[in-house]
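Data block below; observations after.
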Amino acid sequence: DLAPASPKPITISARATPTRATISLDGKPMENPFELQRQAGAGAVELVIAAPGFQTQRFQVPLDRGGNWTVALLPERRAGTKVVPAKKPGRKQFLENPYK
């Protein structure tokens, strides 16, 4: 008598920063952080992590193996803003003798 093997359990978990980020799994709101145990299956579900002022991140979670996500959201770049690198001190500043 060959009974079909029962599906193995999988774990899906996620943690996001900033801590006010919202997490949803296939459209269902989850806690931040969360950990979910379920039976393995076919297909995938969508993991969405979002926060106001930050770039939303989307992931496909395979239901045959689950997974663990730790995500630090990046700030949104606003139209018309540019990133200005920090100024490095000039060579002269390093060579000056403060005891002159």
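Since every read-out is calculated from the coordinates, none of them should be taken as a lab result. This structure is a prediction, so every number in the text was calculated from the model and none was measured. Using ideal geometry, Cβ is built from the backbone for each residue, glycine included, and neighbour counts are taken over all protein chains shown.
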Checklist entry - Can you give the net charge of the other residues whose Cβ lies under 15 Å from the Cβ of GLY27, counting K and R as +1 and D and E as -1? => result 0
Checklist entry - Relative to a virtual label point 7 Å from the Cα of ARG65 in the Cα→beta-carbon direction, which members of segment 23-43 show backbone nitrogen distances below 19 Å? => result 36-43
Checklist outcome for this item: Once phi for every residue in segment 57-73 is put through the Karplus expression 6.51 cos²θ - 1.76 cosθ + 1.60 (θ = phi - 60°), the whole-Hz ³J(HN,Hα) values, with Gly and Pro written as x, are 10, 10, 9, 9, 9, x, 7, 8, 9, x, x, 10, 10, 10, 10, 9, 5
